Every structure is written in structure tokens, then in C-alpha cells.
Amino acid sequence: MGDTLQTTLHELSDIQRRAVQWDHGPLLVLAGPGSGKTRVLTCRVAQLLDQSRDRRFRVLALTFTNKAAHEMSSRVTKLVPGLDERADIHTFHSFCAQVLRQHGAHLGIRPDFAIFSRKSDRQAVLEDAIRREQQHLGHEFYRILPMIDTLKARMIGPEEVENRDHYSKELAQVYRLYENELRRANALDFSSLILEAYKLFNYPVMARHYQTIYRYWMVDEFQDTNDAQYKLIRRMAGENFDQIFAVADDDQTIYEWNGANVRRIRSLVEDFNCEVVQLPTNFRCPPRIVEAANRLLVYNVRRDQSKHPALPARPGNSTGIQQVQLRVFRTDADEAAGISHEIANLDDTERAQTLVLARTRALLEALHDAFNAEHISATLLMRRDDFVSPQLRWLVACLKQINRPLDRLNLTALVETFSDFTSESIDFEYLLARAQTKDLHYLSVWLDTVRQCARLSPFEELIEPIAALATGGLNPTSAINQVLQCFKENGPSEDLKDDLSAWRRLSGEIRTAVGPVPLDRFLQELELRSKKPVADPGAVRLSTIHGAKGLEFDTVYLIGLAEEVLPSWHSVRKGSDSAAIEEERRGCFVAITRTKKRLVLSRASRYRTWPKEPSRFLAEMGFTEAPSATVPGRGSPS
Amino acid sequence: MHISRIEIKNFRCIRHLAVDFGDTTVFVGPNNAGKTAILDALRIALTRRWGQRGAGFNEYDIHLADDTEDPKSSSGISIELRAEERKPEEWSDDIVADLADIVQQSFHTPLRSVTLRARCMWNADTETFEPGWEFLDSSRTPLVGRSARRLNLERFWHYLPVFYLGALRDSGDEFSTRSSQFWTRLLKDLNIPPELETRALQTLDSLNRELLEADPRLDSIAETLSGATRIAARDREGGLDLRMVPLKIWDMLSRAEIIHRNEPGLPWLPLRHQGQGIQSLSVIFLFQAFVDHVLRELFEQGSEPVLALEEPETHLHPQAVRTLWHNVDALPGQKIVTTHSPYFVQNVPFRDLRLVRLTSNGTEVRSLPAEFTASVPPLPGLNAVAENASGLLNYEQTTETLTVRGVLDEKTYRKLLTCCGTDKRRSELGLIIRNLRDSSALYIGDSELQALETYARRMRGEIFFAERWLIVEGQADFLIVHAIASALDYDLDQHGVAVIDAQNNGNPATFAALARAFNIPWLAVFDGDKAGQDFRKAIASRGFSDEELESRCRTHAERDLEAQLVADGLGPELREVLKTVGVKDSNELRDDDLVTRLRDNKTDYAAKFAARLRLDANLVQRTPEAFRTVIEQLRGLR
């Protein structure tokens, strides 16, 4: 058993092993791109578990994405099979959800709360709240939720907003109404997951309880923690807890808009009195890219100056491939056409290992269309908060209705999505009235109504499993499978195909993350995860720079390297020595360091018809343009 | 870990009751009152087989109010078990981490707890009585998700292994390797070094040979029997031999048995040939050996056995039963005991006693709690009232529990009522608080119980088995009231009336308070002097109403029993009685001297006079009216 772990430990570099085996209190590991930080983290978790086989404490690892958590979990399982039960690897949100499910009673939160992650759900809650109290709003409606989120992210409750001025008084009132309405619906939104957990840890007994359960804590991508998340960690650690192990790279902080902050790493070192270990060796990128990345960072003055420049671990240009290339086009349309054409001409193997990055989603969508024109399969790597087909939205609504029979908001969704794919509408008010007069649950009234409608008889195969599930005659897995099978057999649309593939991936992910779970928990997990379909393995991946964290590909294309594109117009306006420009520069750094073999940079002279200068980052990285690189119009450079 | 409380609803003869448990808890009550139902509820909820269909509960277990009630319409069985720390940090870090998914941390005290609810009710869809289980959060809402995994149930059981020794424990079963819960495990765990095993087997082999050779007939028997192998002929040569001694070491160990002799010189005999008492006792000690030697290996570090022990006194001599309490109390783990033996109860501390009785409302359990609780929602000012009376009151918001440690005085009670002032449910809340005040009036303090332990040890064994109490002042009253009752054809022993001569056993007021706390109907007769009046006042000061005092307490018109007897015209008979106890001039005495002499020879004259009363029933018409009235009143007293 220990063999896999021993072998892996043996393969680590000395400095990596030092971090894995660290046993002297709080530690910050400064890890550049490709320095093997995930490996260090998983080995550390595995080793802590391996050395305490007769103990029961757990190890907590907090990550930023479900994908990262999933990957870490499966690696830990491989390293120390049978011990992974004691490794709790979570995103901040899912960890807080778990804490609240178990101890939320102290705050009046029931264990079966729903998580509202979609804007539309939250907007509906807000509307209900306002309608209920017959409030009139001075604010523009759409601005309220972002304002509430900002307040919550700074752990500011309604009572603290109240007494500033007239304007805040009104905001506080709406904020409070919204919170009460959420509580009435037995629901929490994303930011309240963190905020409410933080409130629990205000009680020292609760913090101590979690210190007892989790003897060791790890935080991945520490540079991305926002104010709320960091406050949560500090409160949970109380005065004395010191088994904290954070992995960070301040040069990869690209979430400042979300409250992440390069100074936070310094706070961590000071607050916890951390030792620092640096992992400067880059095992991923070719030397030329490591050098470019180092050059780029020199321009950021706000970074930790004691940090070592990255060292290339891979041999020089031995493979004969040109490690970095530059393309220049006349217009953004030419860029999209040119790059897609070039990638279309790559061999299948390389194409499947190709990632295209851009600063904005708009650039990627143009490129996606260009790939369609070339008949090349391409996938946008984006979080999807909801399924896209009415069919799966309907299925989820049914499951939610079974779980929360009195949820009227969800009933609306159920009725609407059903009519979207059956083109038969059912009168919502009629349903409500019947449910009230007959004192029946909404779902059973809906089921009855559908069954009585002759035109809907073709959908019987969909309805009956749901009815059986609702009465306990079928278990969730079989009921869901029957419905999905029925969808599959009836010539699914592209959207539905995407969703079915996403469902397969999600149910597998949830099974590995939390095991077989009852319906309510399954729905909570579903809510927390992206509904992105599984990508065609041969497809080109397209991603924004912000979505590219943690990825690595043989070939990377970074497009749109022009002033006011990357760096963004917004940051350019703030001035050359602004923090905003520095964040853009870190974005560029993250983008190029995704590369394992070959990097292609491109720019156009005009974007949306406006002339744009070459990005300053090109020069900073040391890539001056050779005249031959300029290719007018369509076509690949020779 | 230990069970601190069980709450049972709709189970067999129990409609609804809650019982708190200590390290040792002793249930006393008539047959069929529900003692076994309580033990079974505990056992079913903590037993491994439970939770599968067809095991655990069945439809006959559902409590029915009468013959016409349908078990299908019952709200179902619910058994809630709570395990709470007795002191901070009682549970090791490993226990807490192992049970992390189900442990609840209190907010205001460092104490942690786990609550399990087992239930069973009719499911109309599946048409079965479905058992189920769930762990609860601090507000008794079922925990979901990860906490609802069966794994947690098994772990919880592991820390609270339950063992059951029924009243009819048979040493033949308990010391058999087929049916014993302990003996087999103990023997299996024995470690025989391989060298010793080899040597023992060689010795056995040679012994077997010698035995076979001792009588030639054995050889011929073996030869005849081997015909069987020849008939069932196979390709290979089989074999048959006679074995007089065990073939394998395990075989030999499994024949291990307990032998015993009463005195040196008497023959050793196997346990099954001993008296029933020693057999029954041996089984209890077998449990101790099991816990001492193999429990830790079978369960967890920190597992504490729960022993449900029915009638430990079975077949034992009173002297043995008296000392038995100390042995039972010293057994490892938590003990839950039922008994019918006054000798056993004699030594049980008052707070550990639970009186079980069957009422029209189902089984009822009474005890002498050190605190009283009520469920009260958070009310304005409640925390302040609780803090001001911090020795007496405690309020925990999460669990909405108000606790009184002692008698809730009128002033504090009023303050609590004021807190309900504006609440919508104030009349309902007022009732809850009044009930709390009333039940707290049953409080009996530690020092008073301590005094009882000292004075009333001998008597208290039996009074808890009585159905009614008659409190009198002294020994003479005791003797005479028994005789009067017999003469009035109401034998006190036969009718379950315990006569308590309070003066020799402490304080009559304490007994009145005890009777009230245990819900035992009681009456009292006191002398007409100041001491008698003081007893009455002492009882009044325990919060009994004037009407109640009036109906329960009688007083002789004269200053004491002797004066009363003489005043009632029993002078001639008493003079004769005095003569028989050696007062020669009894006939010459004036009445007041007669009274003095009677007082000087209290117990002697009382015994003789009682004997006289039994012979001459006509005398009873002249006995003190107070006695005759209470005896009349005792008939049918509830």
C-alpha cells in the first residue's frame, strides 16, 4: 500500500519533499507555475494519513474549484487507498455548506437548506421579498444583488450598513428583506455560505471542535482567497491553531476583482508566523517560456521582491520545435480565421492537446464560430451554472419539487420547462388553486393534471418514473435513469446531448466526492457544480485566461495581444503603474505558463475596427516582432 | 461514551416518556409496567441487525391506545437516544473525529453530543411498516447528506456496544461455545504459543493411543465402524479412527468449563451442577471478564459497553443480593438494571432509581432529577433573567431549553412569565413555565437525600415496591396501625401499603416529598403535640396545598398515641398489657401515670397490644379515630 506513496515521495525533488514532510508549524509554499504544487499537496495529505493509520483525525484541504478538489481526491485515493475517508478535500463553498448542514441549527438554518446559485433564482427571491413587504425601491433593481454580494464578501451584515446615510438605510432594509426571504425559503446563496459559517466560528467552542476534527489544514491557490475566505480561516484557527499549510503564487493572482489580494500572502505570513519554502523550479514550460515569464514579472513592482526567479527544469531547444512563435493579423476577424485555420491544419494528436486562450469571452466566441466554419470540434471551457436544455432543467425541477414539496418558485420552473419541450402549457394558477382546495402537494396535482391531458400521453414514460419516485416506489437512481433513457431514445438535440453528457460526468463526480447520497444532498452537490458537458476528447479547448488556472497543454495559443485588449482597456486607463495593469500582467503570465511545448502568440492591428497597438507585454517578454511575422489577411505564416 | 437520555414514543405500552441515564440506572416497578419495553427500545436502537426490513420493530410494537386503534394510522414508533459528554473533553479527539459527521457541538458549553432517532411507521405506498433512522442536529432536525450515511450508524454503534443479560440467563447457554455472546470470544482470543500447541497435540495423541489399547473392544468397535467408509467407497483409501480426546487445540479450549466447590474438601463440580444462584452470578462476572479482556480489541479505543441487566438478584440469597449492588455498580461501562428485589434497591443511590408504573396514559417513569427542563423559544429578557439567577436557571438558545436546578421560586417564576408578556403564544408559554415550576417543586436536594441514605437505608428497599405509603411517627404507631388494619380486614402488607415510621428514618416531610416526586399516594398520622404540629408544618413548607394537607394528614386529638389510647377508653386493656411486660402496679395507676408508664415501655406494650388487637377484633371500635379513618381512606387511594 505504502509503495505507491513511497515511490512518489522518492520521485520528488529535495525541496518538494521538504515541503511534503514539513513538521514545524505553519508553512507557506511559494510555488510558481509547473512547480508540482498539486503533487506536493496530495503527497502531503497522503503522507499525513499514512503516518497516522491508528488515528481518526481528518485532514482538510481547501481548493478553489470542484475540478481541483476532484483531482486531488482521486490522487490521494491512489496514493493511500482506504485512508481517503479521512481526507476532506473541498472547495471553500462546499466545506462551508457541510459545516452549516451539521451545525447551522445554532443560526436557525435547517440541514436540508437549498443553495441558490443562479442569478434568476436569487432575483426571484428578492422580488418575492419586496412584494411581500410592498417595498418601493429607490435603487435600480438589477444593482441590488451585486451590492449585497459585495457587502457579504466583506462580512458586513444588514445591521452594519444601516446607520450610514439615508441611502444605506434603504439598502440595509432591502438586504434584510432578501436575507429573511432566503431563510423563509430555507435557502442560502453562495456568499452566505461563507458568511454564515464565519458566524458559527465566532463561537470559540465551534472553532475548537473543527480544530479537533481536522488536525491539519491545507489551502490551495492561497493567493486567490478573498477577504471573506481569509477571515473564515483565521476565525476557524482561533489563537493557537498552527497546522496550516498554504500553497500560493502571488504572480498568479488574477481574481482581484473578486477580492483576492496580493498583500494577503503577506498577511498570512505575519498572522500565522509562517515559514516560507519556495519551489522555483518550473517542470512544465520550455526554457524560453520560463525566461519570458521571468522577464514579464520584473515589471510588477508590487510583488514579493524576495521571490526567486523561476528556473527551467526542462532541457533547452533539443526537440527542434520553435518554442515561441508570433502571428500578426490585420483585423480581429482575420485573427480568428487565421488561427482557426492554422489549428485546423495541425495533426489530430496535437490539436487534441491544444488550448487557445484569450482575455475575453467575446474573442473566444468569434474563434469558436471560425472553428465551426472549418468543421473543427472546439469546446469553450466555461462554467455553466445551469443545464441548457429544457428537458434536464425540468428533471432537476422535478427532483427539487420532491425534495421541497412546498416550493412554489420551483414549481414555476417545473411547469415552464415542461411546456418548453412539450409545447403544451398548463395553467399555473389552476395548479395552485387545485393544490390548495384539495390540500395536495404541488407535484401530485401537476402529475394528475398531466395524466389527464390526452395530448400529453406520449410523455407518460417521463412522468411515471417521477410519480413513482415521489411515492417511494422507485429509488432516485432508477427513476432518473428511466427518464434519461427516455430522453436518449428520442433523438436528443445538441443542447440535450451536452446536458446528458454533463449529467453523466456530474453524477460520477458526486459519487467519488461524497459517495452514494440521498436526493437532498445530491441536489445540493449538483447546485455547487458546473453543468459543463464532457468535452469531445479530440476537440480544441478554448478558455479565458481566468478559466485557465491549473490547466496545462502541449500547445497554447494566446490571442489578442494588443493594448486595450490584453491589457484591458479598463486597466490601460488606470495608468502604466496601476495595480490593474499588474493584474493584467499576471494574467498574461498565467496564460503563457500553461504551455508544455509550444506557445503561439497572436495579435491583430484592429479590434472591432479600432486600431490597437501591440501589447506592451510582448516587448516586456522580449518578443520583438520580425517583419516577416506580419501576414495580411487570411493564411498561415510561413 | 454513554447514553444520557432516551425518549420513547408509541412503543408497546409506552405512549411517550423520557428517561435520563446515569452510569448505573435501576428500574423498579411491578410486572408488565414497561421496564422491559424500555430496555428493548434501547437494545433495538443500538443493535446491529436493526434497520433492515423484518428486523428490529414489528407492527405489534406500535403503541395502541385501545383495541380499535389501527397501527397503520399511528404516528409511529420513535426512539431517540442521546449520548452526551458528562464533562468537557470526555470524548477523545479520535472519537470526535471519527464521529465528526454526527457530533453536535453545543454553543454555550464545551459539551458535545450525538442524538440518534430510530423510528418505524406504516408506509401506505409500500404497504409495510418501515423502520428508519436518522441522526439529529441540536434543534432535533434530521441531519442530511454525509451525516445520513449508514457508516455513521455503524460507527456510533461501535462506541456503544450493547449487551443484554435477561432475567432467565442460563449459564448453560452463556458458557457454551455455540450460543454465548462472551465465552466464545474470550476463548477464541486465547493465545497458545505454537510450541506448546505441538507439544499438547503430541501428548493428546499418545494419550489417545494408550486409551485405545486399554480395552481391546475399542479396537474392534473401530474396525466395525470403518465399514461405513468402505461403503461410501471412493477412489482413494479413506480412514476411520476413534478419538477419545480432543483432536485440535481449539476443540480442547472450547470444552473449557467452569468448575466450583463450596468448601475445601468438597468435590469440584461443573458449574451446571451448581445451584441456580451461583450460575446466574457467574454469568454477570463472565461479562466483566469479557469486557476486561476482549472488548477493546473488538470495538474501539473509547468504546464503552452498555449492559442491559434484568434482575441481577435472580436466585440469590438476600445477603448476597445486598452486596450485589456494589458488584454491579463496579462492572465496566454503563449499566441499566431492572430489579424486583428490595435488598438490591437498598444500596442504590436515590438519583439512580427510576420508578416505572403503568397508568391510563401508558408507561410512566418517575425519578428524583437534579434538574428540570422545558422547551422555551427565545424570548426578550429571558437570557437576562437566566443570567441573574445563574445558580438556578440556565437557558440554551439553540436547543431552546430552559433548565432549573432546584425549586423555581415564585419571584423568579413571575419574572419568567413577564418575558412572555408580548409574545403571541403567551398563554401557551405561560403554561409551559407553570408546568416547569410545578415539576421543579418536586426537587429534593442532595443533602436531604444524603440524610435519607444514612437513616433510612434498610427500609427504603421495600418502600419503593409499595403502592401506597402511610407515614406515622414512631415504632409504636407502626405496630398498632398494622394491627388495627388487620382487625378492619385491610391487611396493609397484602394491599401494598408501606408504613413508614418517620422519626426513626429521618424526617416525615422528606418522605412526603419523595412520595410526591415518585407519584406514590400517601397519608400521614401525627401526634397532637407540638412535635406533631411541626411535622405538619414541615410538610406544608414543601409546597403542598392546604386542601392536600387536609386530606392527607390526620392528627390525634391527644398529645400522643398513649394519651389517645387511654382517652379512647382502652385503659383496662392497656393495664393488662402493661402487667404482662412487668409493670406490676398497673391496675393501681391513675390515668396520667398510666400514660407515663406506657411511654416508658413503648415498643413492648405496643407489640403486646397489637397482638391483643389481632385476637379481639371488637377492640378496634375503641382505637384512635385518626388511624381508623386513614385505613378507610387507604382503600382505593390513588
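The values are calculated or read from the model by the stated rules, or taken from the named source; none is laboratory data. Just so you know, these numbers come straight off a predicted model, no measurement behind them. Glycine gets a Cβ as well: all are built from the backbone with ideal geometry, and neighbour counts include every protein chain shown. Keep in mind that these areas ignore ligands, DNA and RNA; they rest on the heavy atoms of the full protein, side chains included. Shrake-Rupley method; radii C 1.70, N 1.55, O 1.52, S 1.80 Å.
Just a few scattered comments:
- Filter pass, B:A611 being open to solvent by less than 10 Å² (accessible area, probe 1.4 Å) and assigned to a helix (DSSP H, G or I): no
- Looking only at region A:157-198, and only at residues there that are in contact with a helix residue (DSSP H, G or I) (Cβ under 6 Å, 6 or more places away or on another chain) and among the charged types (D, E, K, R), the one that is modelled with the lowest pLDDT: A:E162
- Looking only at region B:117-141, and only at residues there that are in contact with a helix residue (DSSP H, G or I) (Cβ under 8 Å, 6 or more places away or on another chain) and within 7 Å of chain A (Cβ to nearest Cβ), the one that is most open to solvent (accessible area, probe 1.4 Å): B:S139
- Any chance B:V114 is within 8 Å of another protein chain (Cβ to nearest Cβ), open to solvent by less than 30 Å² (accessible area, probe 1.4 Å), closer than 18 Å to B:L153 by Cα and at pLDDT 95 or above: no
- Residue check: A:L519 meets all listed conditions (1) under 28 Å from A:A397 (Cβ atoms); (2) in contact with a His (Cβ under 7 Å, 6 or more places away or on another chain); (3) not polar (S, T, N, Q) but one, namely (2).
- Residue that is nearest to B:E304 (Cα to Cα), among those in region B:19-36 that are more than 9 Å from the chain's Cα centre (by Cα) and open to solvent by 10 Å² or more (accessible area, probe 1.4 Å): B:D23
- Among the residues of region B:4-13, none qualifies, meaning not one is buried (at least 20 other Cβ atoms within 10 Å of the Cβ) and within 14 Å of chain A (Cβ to nearest Cβ).
- Yes/no for B:Q301 being in a helix (DSSP H, G or I), outside the structural domain of B:N32 (by TED's automatic domain parsing) and open to solvent by 10 Å² or more (accessible area, probe 1.4 Å): no
- Yes/no for B:S78 being of a type in the set (S, T, Y), in contact with a strand residue (DSSP E or B) (Cβ under 6 Å, 6 or more places away or on another chain) and either away from chain A (no Cβ under 14 Å) or open to solvent by 50 Å² or more (accessible area, probe 1.4 Å) (or both): yes
- Residue identified as in the same structural domain as B:K602 (by TED's automatic domain parsing) and modelled with pLDDT under 90 among B:G528, B:G506: B:G506
- Region A:482-499 - residue that is open to solvent by 20 Å² or more (accessible area, probe 1.4 Å) and part of a helix (DSSP H, G or I) and, of those, farthest from A:R393 (Cα to Cα): A:E489
- Residue tally, condition part of a helix (DSSP H, G or I), closer than 18 Å to A:T7 by Cα and open to solvent by less than 20 Å² (accessible area, probe 1.4 Å), over region A:73-93: 2
- Scope region B:142-167; condition within 13 Å of chain A (Cβ to nearest Cβ), buried (at least 16 other Cβ atoms within 10 Å of the Cβ) and closer than 26 Å to B:E59 by Cβ; matching residues: B:P142, B:A148
- Test: residue in region B:168-190 that is closer than 30 Å to B:R117 by Cβ, surrounded by 11 or more Cβ atoms within 10 Å (Cβ to Cβ) and within 14 Å of chain A (Cβ to nearest Cβ): no
- Output for region A:560-601, where each listed residue is part of a loop (DSSP other than H, G, I, E, B) and touching a Leu at 6+ places or on another chain (Cβ under 6 Å): A:G560, A:L561, A:R594
- For A:L443, the test of being out of contact with any Gly (no Cβ under 8 Å at 6 or more places or on another chain), assigned to a loop (DSSP other than H, G, I, E, B) and aliphatic (A, V, I, L, M) is failed.
- Output for region B:81-109, where each listed residue is small (G, A, S) and more than 8 Å from every other protein chain (Cβ to nearest Cβ): B:A83, B:S92
- Options A:A454, A:A513, A:A470, A:A479; residue that is within 14 Å of chain B (Cβ to nearest Cβ), more than 19 Å from the chain's Cα centre (by Cα), open to solvent by 20 Å² or more (accessible area, probe 1.4 Å) and at negative phi: A:A470
- A:F57 vs. criteria surrounded by fewer than 24 Cβ atoms within 10 Å (Cβ to Cβ) and away from every other protein chain (no Cβ under 14 Å): no
- Failed item in (1) modelled with pLDDT of 80 or more; (2) crowded, with 22+ Cβ neighbours inside 10 Å, with B:F57 passing the rest: (1)
- Selection count where residues are in a loop (DSSP other than H, G, I, E, B), small (G, A, S) and surrounded by 19 or more Cβ atoms within 10 Å (Cβ to Cβ), scope region B:338-376: 2
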